[in-house]
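To keep things clear, I will list the structure first and then write my remarks on it.
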Amino acid sequence: MKLSVNRNIGAVVWIAGLLVPLVASNSWISILSIFAIYAVVALSTDVVLGRAGMYDMGHAVYFGVGAYVTAILNVQYGVPILWTMPIAVVVAAIVGMVLAAPMVKLRGDYLLVATIGFNEIFRMILINDVGGVTGGPDGIFGIGVPSVFGYSISSQEGLFVLNWLLLGIALVLMNNLDKSRLGRVFRYLKEDELAATTLGVNARYYKILAFGLGAGLAGAAGTLFATQLATVSPSAFVFMESVTLFAIVIVGGQASIPGVLLGTVLMFVVPQVFRDLAEYRYLVFGLAMIVVMVLRPQGIWPRRNRPE
Amino acid sequence: MSTSEPTLLALDNIGISFGGLRAVDQLNLEVKKGQVVGLIGPNGAGKTTVFNIITGVYKPTDGRVLWKGEAINGLPPYRVAQRGILRTFQTIRLFSGMSVLENVLAGKHLRTRQTWWAGLLSTPAQRREEKQLREECMEILKTLKLDHVANEVATSLAYGIQRRVEMARTLAASPELLILDEPAAGLNDNESAELNKTILDIRDSGVTVLLVEHDMNVVMNVTDHIVVISFGRKIAEGEPESIRNNPDVIEAYLGKDDDEDEQEAFA
């Protein structure tokens, strides 16, 4: 039935994707790798935006923090890639919570403007090489390859499996979130904060937690992004990237796993496949946003209620 | 109800101003354990404001709110809820797009043990608790005759049913004091008769009730004690019978009943 398909669509996509390297060329494998990374970032944006209902238009910051933590630790201090991931998660989560703490009482559009401000500050910090660790406008090169039990993962297939694993973990976490008090509380806050607080929900705590979780997950994706490209530079974490992530969630379907995955495909995979048309992607996506918002305000693949 | 029961809630000279408007002034009110207390008054008298002060939505400009003798004014709403004071809203505030069951589960928030990481990891204990919570909520839905709509989207249901869902949600929190803000508004005669019975059942289960209501049928039949306010001040209080015959009350409130109904109809 429709409901169970919707519920398991993430699992179906994930298993199907795992088989792709057996049949596809290297360019397809790297496209899927990028898809996996951006899908995780989009899912992490959805935690804050689609689930907890906070207009976060600076989510690329947390993705960038994760990527730069990995780049700096690996290139300058020689920390193995996979060891940098937990650090990237924790640092991104802390940044997310610290930035969120003074902001979460802001409503809707005010929060949105504040998050844009943070994204700009973050970009300026990277470009101006604050602290002498970010490499300025050029970023950081020569990020190493991850190794597992002594085996270096340098092939596209190997990196793909790593990226796909993280996507799988993210999908499981999102699925669990839907079935837990935490996920419900996020929705209560999104739908009616006053009603939620009069039922005992500490809104501030849960909103900061939403930022922490969303940022932490984006940080993990950042590690793999830095690894996949072997380089990081400020341009990957600018305001426009945050807008894209925001659009993926809104257009795809808030709090809907298939919706967010579909949005990621439209925004990151389609332009890669039709490279000649890539320059039109913002035009096409902009038009798509307008059409979807008018005709289907819940998103292309909206969340469905799950009867228990 | 005997008056020897301990006082649960006391408003001690509560006042609040919005700009130049004195919405509530020098209000004293006592709710004893096991009572059903009615707060009535003309529209704009400040009844909902009083509820907002009690539940922490507004901070009073002066005076104290005492819960079992302890001042709770100034506490945020979620801390007031932690003490066992739960409310419904005059304009129903259900979580839109969520099922009736999910709405009622919200009432279980404070009775839920699972940590956020247990939820993300979906531990066996967390899954057991979720199952348990759902069963408890289904029981509550059954007693309010709502079990047949448990999986419907709450905000798509008829108005009278939504009111019951909101009440079920607060009952799920096992309140000590239940505050009902015009529970009969928008209900038909059958539904409001049913509401009378529900309120008395709630009281008999050991929950103290404070309610604002315009429907005199409900107020006179279920309350043990009535407080009448007008323009933010208390003008009378006593048993339903004495309030019914109080000339001040008739002038301030009942005499304007027709206007009330008209305004209600447009509300």
*asked:* Being away from every other protein chain (no Cβ under 12 Å), surrounded by fewer than 19 Cβ atoms within 10 Å (Cβ to Cβ), of a type in the set (D, E, K, R) and within 20 Å of residue A:184 (Cα to Cα): is that true of residue B:113 here?
replied: no
*Filter the range B:119-154 down to residues that are touching a residue at least 40 places away in the same chain (Cβ under 8 Å) and in contact with a helix residue (DSSP H, G or I) (Cβ under 7 Å, 6 or more places away or on another chain) and give me whichever is farthest from the other protein chains (Cβ to nearest Cβ).*
B:144
*Would you check if residue B:95 is in contact (Cβ under 8 Å) with a residue 40 or more places away in the chain, touching a Lys or Arg at 6+ places or on another chain (Cβ under 7 Å), surrounded by 17 or more Cβ atoms within 10 Å (Cβ to Cβ) and not assigned by TED's automatic domain parsing to the domain that holds residue B:199?*
yes
*Matching helices (runs of 4 or more DSSP H) fully within the range A:132-200 where at least 3 residues are more than 14 Å from every other protein chain (Cβ to nearest Cβ)*: A:156-178
_Number of the condition not met by residue B:211 [criteria: (1) more than 18 Å from residue B:84 (Cβ to Cβ); (2) more than 14 Å from chain A (Cβ to nearest Cβ); (3) touching a Pro at 6+ places or on another chain (Cβ under 9 Å)]_ = (1)
_Looking at residue B:193 and the list (1) assigned to a loop (DSSP other than H, G, I, E, B); (2) surrounded by fewer than 19 Cβ atoms within 10 Å (Cβ to Cβ), which single condition is not satisfied?_
(1)
*Report yes if residue A:217 is at the interface with chain B (Cβ under 9 Å from one of its Cβ atoms) and in a helix (DSSP H, G or I), otherwise no.*
no
*When the range B:60-92 is examined, which residues are found to be over 16 Å from residue B:28 (Cα atoms) and part of a loop (DSSP other than H, G, I, E, B)?*
B:74, B:75, B:76, B:83, B:84, B:88, B:89, B:90, B:91, B:92
_Scan the range A:45-53 and tell me whether some residue there is of a type in the set (Asp, Glu), closer than 18 Å to residue A:170 by Cβ and in a helix (DSSP H, G or I)._
yes
*Residue among B:57, B:50, B:37 that alone is part of a loop (DSSP other than H, G, I, E, B), closer than 20 Å to residue B:88 by Cα, among the β-branched types (Val, Ile, Thr) and under 15 Å from the mean Cα position of the chain (by Cα)*: B:57
*asked:* Test of understanding: among A:132, A:142, which residue is loosely packed, with under 13 Cβ neighbours inside 10 Å, more than 21 Å from residue A:241 (Cβ to Cβ) and touching a Ser or Thr at 6+ places or on another chain (Cβ under 9 Å)?
replied: A:142
*Name every residue in the range B:237-250 that is surrounded by fewer than 22 Cβ atoms within 10 Å (Cβ to Cβ) and within 24 Å of residue B:203 (Cα to Cα), in order of residue number.*
B:237, B:238, B:239, B:240, B:241, B:242, B:244
*When the residues of the range A:251-269 are filtered to those that are among the β-branched types (Val, Ile, Thr) and surrounded by fewer than 23 Cβ atoms within 10 Å (Cβ to Cβ), which remaining residue is farthest from the chain's Cα centre (by Cα)?*
A:269
_Test: residue in the range B:164-185 that is over 21 Å from residue B:55 (Cβ atoms) and in contact with a helix residue (DSSP H, G or I) (Cβ under 7 Å, 6 or more places away or on another chain)_ = no
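May I ask you to verify whether residue B:180 is closer than 30 Å to residue B:72 by Cα, assigned by TED's automatic domain parsing to the domain that holds residue B:77, buried (at least 17 other Cβ atoms within 10 Å of the Cβ) and not small (Gly, Ala, Ser)?
Yes.
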*For the range A:222-235, state whether one or more residues are hydroxyl-bearing (Ser, Thr, Tyr), under 17 Å from residue A:35 (Cβ atoms), touching a residue at least 12 places away in the same chain (Cβ under 8 Å) and touching a Pro at 6+ places or on another chain (Cβ under 7 Å).*
yes
*Candidates A:66, A:53, filtered to the one that is out of contact with any His (no Cβ under 7 Å at 6 or more places or on another chain), surrounded by fewer than 24 Cβ atoms within 10 Å (Cβ to Cβ) and among the small types (Gly, Ala, Ser)*: A:53
*Looking at the range B:153-177, which of its residues are under 13 Å from the mean Cα position of the chain (by Cα), of a type outside the set (A, V, I, L, M) and buried (at least 19 other Cβ atoms within 10 Å of the Cβ)?*
B:163, B:164, B:166, B:169, B:170, B:175
_Unique residue being in contact with a Leu (Cβ under 8 Å, 6 or more places away or on another chain), touching a residue at least 40 places away in the same chain (Cβ under 8 Å), within 14 Å of chain B (Cβ to nearest Cβ) and within 19 Å of residue A:39 (Cβ to Cβ) when the list is A:253, A:299_ = A:253
_Residue among A:81, A:153, A:140, A:94 that is touching a strand residue (DSSP E or B) at 6+ places or on another chain (Cβ under 6 Å) and of a type in the set (Val, Ile, Thr)_ = A:140
*Could you please find all residues in the range B:76-105 being under 16 Å from the mean Cα position of the chain (by Cα), over 25 Å from residue B:34 (Cβ atoms) and at the interface with chain A (Cβ under 9 Å from one of its Cβ atoms)?*
B:78, B:93, B:94
*Inspect the range B:200-208 for any residue being in a loop (DSSP other than H, G, I, E, B), within 11 Å of the chain's Cα centre (by Cα) and closer than 23 Å to residue B:11 by Cα and give the result as yes or no.*
no
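Could you please let me know if residue A:226 is touching a strand residue (DSSP E or B) at 6+ places or on another chain (Cβ under 7 Å) and in a helix (DSSP H, G or I)?
Judged against the criteria, residue A:226 is a match.
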*asked:* Out of everything in the range B:229-267 that is over 26 Å from residue B:18 (Cα atoms) and touching a Lys or Arg at 6+ places or on another chain (Cβ under 9 Å), what residue ends up being modelled with the highest pLDDT?
replied: B:250
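The values are calculated or read from the model by the stated rules, or taken from the named source; none is laboratory data. Fair warning: this is a prediction, and the values are worked out from it, not measured in the lab. Quick reminder, even Gly has a Cβ in these numbers, built from the backbone with ideal geometry, and neighbours come from all protein chains shown.
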